[in-house]
Amino acid sequence: MKILVADDSKTNRALITDSLNKLGHDVLPAKSGEEAIEIFKGNRPDLILLDVVMGGMDGFECAKRIREIDSTDWIPIIFISTSVDDESISRGINAGGDDYLAKPFSNITLAAKIKAMQRISDMRQKLFEYTQVLQTLSRTDSLTGLNNRFQFDIIIQEKINHANHHGSMFAVLFLDLDHFKEINDNFGHQAGDLLIKNVALRLKSCLRLSDFIARMGGDEFAIILSEIEDVEIVNHVAHKIIAELTTPYNLLGNQVTVSSSIGSCIYPTDGTKAEELMRNADTSMYYAKEMGRNNYKAFNKKLVKDKG
């Protein structure tokens, strides 16, 4: 482990450093709380040992400052003190510390404390990794690996905030496969799932890395075209998708052709709120289907009046 040791006593630093070196650890020595903070910023140790009583900044204040620098990557802090009473323990915990070492201490005690902190760090790391996995699962469609409806709701708001700040435009496209139920009815749900996965791959191939795509459920997909400069770009992408999706699919030995209906709207001309943009993109898709399917329709206000 890489251990930061802060103690204003040269003798104490030397003794602790020697003990830690014998235990196989690398030491980052600091002669003050201020120096410890600077070392922490540049080196990110695995463990921190802070003498409570130091000239200038004491160990409690040093711990507090370190936690303010980074409260997410929780590096264990052990305070070293000749007096470990209730008040000291309370102050240490409130400052962000994890444990105490009472002076004088043996190498065996030091090794045991470090091992305990290592176990805590390992558990925190595993918890962090599990949390990351759960977060990924919560925003990912299990069938296609695309983003899901939950993540779409987050991203569209982020796109609105970004576009509003920079004065830019983006487009929202809603896409629905035509007569998808017939695929399930004629070839089974396994073929239907395979089709959805293939459609997802083809949709991704039509988009830029900066664009966003989500499966909203069933055979419905949503796309966000980021920072468009011309509405003709939306028209081009929509027709590119329609052409790409009509290329026949091989589903479990059956050659199948499907089509899609796409509707779009533009931020900010067709809406400035997430719900409004989604509603208008959906309305446009509805009219694309009314026009005979395998079609694309851009939103305009006349569509709302006609639907009403």
inquiry  = Need the failing condition index for Asn184 against (1) part of a helix (DSSP H, G or I); (2) within 28 Å of the chain's Cα centre (by Cα), just the number.
reply    = (2)
key: the range 107-148: number of residues that are modelled with pLDDT of 85 or more and either at positive phi or among the aromatic types (Phe, Trp, Tyr) (or both)   = 2
ask   = Can you name the residue in the range 137-158 that is part of a helix (DSSP H, G or I) and open to solvent by 50 Å² or more (accessible area, probe 1.4 Å) and is also nearest to Thr272 (Cα to Cα) among such residues?
value = Gln157
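Being aliphatic (A, V, I, L, M) and open to solvent by less than 100 Å² (accessible area, probe 1.4 Å) is the filter; apply it to the range 113-132 and report the residue that is nearest to the chain's Cα centre (by Cα).
Ile120
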inquiry  = From the list Ser32, Ser71, Ser81, exactly one residue is open to solvent by 70 Å² or more (accessible area, probe 1.4 Å) and either at pLDDT below 90 or not aromatic (Phe, Trp, Tyr) (or both). Which is it?
reply    = Ser71
task = Return yes when Ile120 is closer than 25 Å to Lys273 by Cα, of a type in the set (Val, Ile, Thr), assigned to a helix (DSSP H, G or I) and touching a residue at least 12 places away in the same chain (Cβ under 8 Å) and no when it is not.
result = no
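For (1) touching a strand residue (DSSP E or B) at 6+ places or on another chain (Cβ under 6 Å); (2) more than 20 Å from Arg149 (Cβ to Cβ); (3) without any contact (Cβ under 8 Å) to a residue 24 or more places away in the chain, each residue gets a yes or a no:
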residue: Gln190; (1), (2), (3): no, yes, no
residue: Asn198; (1), (2), (3): yes, yes, no
residue: Ala214; (1), (2), (3): yes, no, no
residue: Ile228; (1), (2), (3): yes, yes, no
residue: Asn235; (1), (2), (3): no, yes, no
residue: Ala238; (1), (2), (3): yes, yes, no
residue: Leu251; (1), (2), (3): no, yes, no
residue: Ile262; (1), (2), (3): yes, no, no
residue: Ile266; (1), (2), (3): yes, yes, no
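Which members of the range 159-186 meet the condition of being charged (D, E, K, R) and either under 22 Å from Val231 (Cβ atoms) or open to solvent by 20 Å² or more (accessible area, probe 1.4 Å) (or both)?
From the range 159-186, those charged (D, E, K, R) are 159, 176, 178, 181-182, 185; that's our starting set.
Matches in the range 159-186: Lys159, Asp176, Lys181, Glu182, Asp185.
Residue-wise test of (1) farther than 23 Å from Asp73 by Cα; (2) modelled with pLDDT of 90 or more; (3) in contact with a Lys or Arg (Cβ under 9 Å, 6 or more places away or on another chain); (4) buried (at least 19 other Cβ atoms within 10 Å of the Cβ).
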{"site": "Val5", "(1), (2), (3), (4)": "no, yes, yes, yes"}
{"site": "Lys10", "(1), (2), (3), (4)": "yes, yes, yes, no"}
{"site": "Asp18", "(1), (2), (3), (4)": "yes, yes, no, no"}
{"site": "Asp26", "(1), (2), (3), (4)": "no, yes, yes, no"}
{"site": "Ile37", "(1), (2), (3), (4)": "no, yes, yes, yes"}
{"site": "Lys41", "(1), (2), (3), (4)": "no, yes, no, no"}
{"site": "Pro45", "(1), (2), (3), (4)": "no, yes, yes, yes"}
{"site": "Gly59", "(1), (2), (3), (4)": "no, yes, no, yes"}
inquiry  = If I filter the range 266-276 for residues that are open to solvent by less than 60 Å² (accessible area, probe 1.4 Å) and within 19 Å of Leu177 (Cα to Cα), do I get at least one hit?
reply    = no
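The values are calculated or read from the model by the stated rules, or taken from the named source; none is laboratory data. This structure is a prediction, so every number in the text was calculated from the model and none was measured. So basically every Cβ, Gly included, is an ideal-geometry build from the backbone, and we count neighbours across all protein chains shown. Keep in mind that these areas ignore ligands, DNA and RNA; they rest on the heavy atoms of the full protein, side chains included. Shrake-Rupley method; radii C 1.70, N 1.55, O 1.52, S 1.80 Å.
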